[in-house]
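Data block below; observations after.
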Amino acid sequence: MAVRRIDVREKVMAKNDELAAQVRDRLHTHGVPSLNLVSSPGSGKTSLLERTLDALGERLRMAVVTGDVQTQNDADRLAVRTDRLVQAVVTGGACHMDARQIFTALDEIDLGDTDLVFVENVGNLVCPASWDLGEDAKVVIFSVTEGEDKPLKYPRMFERSHFCVINKIDLLPYLPFDMDRAVGFAREVNPNLRFFFTSALTEEGMEDWYEFLIDLARAEGETRLEA
Amino acid sequence: MHELSIALDVCRIAEEHVGADALSRVTAVGLDVGDRAGIEIDNLEFCLEALLGSAPFGSGRPEIRRLEGEELSVTYVEVEDDGSS
């Protein structure tokens, strides 16, 4: 039987990118900046958000979309710290979040009454790098217990991130972690990364992170006022 | 790890181009995959072999061209003519 070839030339994930563009449009229309927090499991994403909500909750109206794989645990931890919008997305075992989930989650968020949106992605330094969620920037978090060479092992995630939080610095006295090496490896992969050095447990270094978030929200808010 | 999601999107694209009724007659799906696409190509090929070789597909197979760069696209679908056109 004859075989017919149909030319396609269609990008895989084009649907995701289309939805991500719509997410970006919706956020920009309301002048709301968004950060996609990505990391390996256990780096402290939820703890960082807990501290941030505690510290800035009265100054910024923050919404969080969480991507816990199998439980509501992360969303529950965050929900007790804010009456603001926490929309849990349980990914059912998937290794990443996609733009459709964020698009749907935004329906539950009053963007006109929001200064900043966080996405807490699934703990995984591989797959989430490939999925545009419509965020303004990825923030890659890695902790000092993970070793300095994380950026070399997972270069794509560090390449695609704008910001890097090195967390759990309160543990530095007990570990053979070389901060200069870690930063050097990350810069080798992405020279444009901006760093924050934090302990979400003791709050050491968190002020820089807070100031960054306030400036980010203020800059976008001014854009919103001008629009 | 996300190759199955990618493979499912490839199947969706194939269906859009040949129609649901013709999926069982798909013989091959061509893809371009770059070495920086964030894809484990052998894993993707395995997923596609499983999906294209079972219902609603029949005995299709992936034909992957490995390239440099970040390309990740479906380039063609081959389908057996059913003699109706």
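The values are calculated or read from the model by the stated rules, or taken from the named source; none is laboratory data. Owing to the predicted nature of the structure, the values given are computational and were not obtained by experimental measurement. Heads up, the Cβs are rebuilt from the backbone with ideal geometry, glycines too, and the neighbour counts pull from every protein chain shown.
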For region A:164-218, give me each residue that is of a type in the set (Lys, Arg), farther than 29 Å from A:His28 by Cβ and surrounded by fewer than 18 Cβ atoms within 10 Å (Cβ to Cβ).
A:Arg181, A:Arg187
I'd like to know if region A:64-74 contains one or more residues that are crowded, with 23+ Cβ neighbours inside 10 Å, modelled with pLDDT under 90 and among the β-branched types (Val, Ile, Thr).
yes
Mind listing just one residue for me: the one in region A:8-24 that is more than 8 Å from chain B (Cβ to nearest Cβ) and of a type in the set (D, E, K, R) and, of those, nearest to A:Val65 (Cα to Cα)?
A:Arg24
Can you give me the number of residues within region B:1-20 that are exposed (fewer than 15 other Cβ atoms within 10 Å of the Cβ) and either among the small types (Gly, Ala, Ser) or more than 9 Å from every other protein chain (Cβ to nearest Cβ) (or both)?
3
Given B:Leu52, B:Leu23, B:Leu44, B:Leu31, which one is surrounded by 19 or more Cβ atoms within 10 Å (Cβ to Cβ), touching a residue at least 12 places away in the same chain (Cβ under 8 Å), more than 9 Å from every other protein chain (Cβ to nearest Cβ) and closer than 20 Å to A:Trp131 by Cα?
B:Leu44
Among helices (runs of 4 or more DSSP H) entirely inside region A:83-175, those with 1 or more residues being modelled with pLDDT of 95 or more are A:150-153, A:155-159
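State which residue is farthest from B:Asp21 (Cα to Cα) when the search covers only region B:63-75 and only residues that are within 12 Å of chain A (Cβ to nearest Cβ) and in contact with a helix residue (DSSP H, G or I) (Cβ under 9 Å, 6 or more places away or on another chain). Break it down stepwise before answering.
In the first step, residues of region B:63-75 are kept if they are within 12 Å of chain A (Cβ to nearest Cβ); the result is B:63-64, B:70-75.
Next, only the ones that are in contact with a helix residue (DSSP H, G or I) (Cβ under 9 Å, 6 or more places away or on another chain) stay: B:64, B:72-74.
Working: B:Ile64: 24, B:Leu72: 26, B:Ser73: 23, B:Val74: 20 Å.
Here the residue is B:Leu72.
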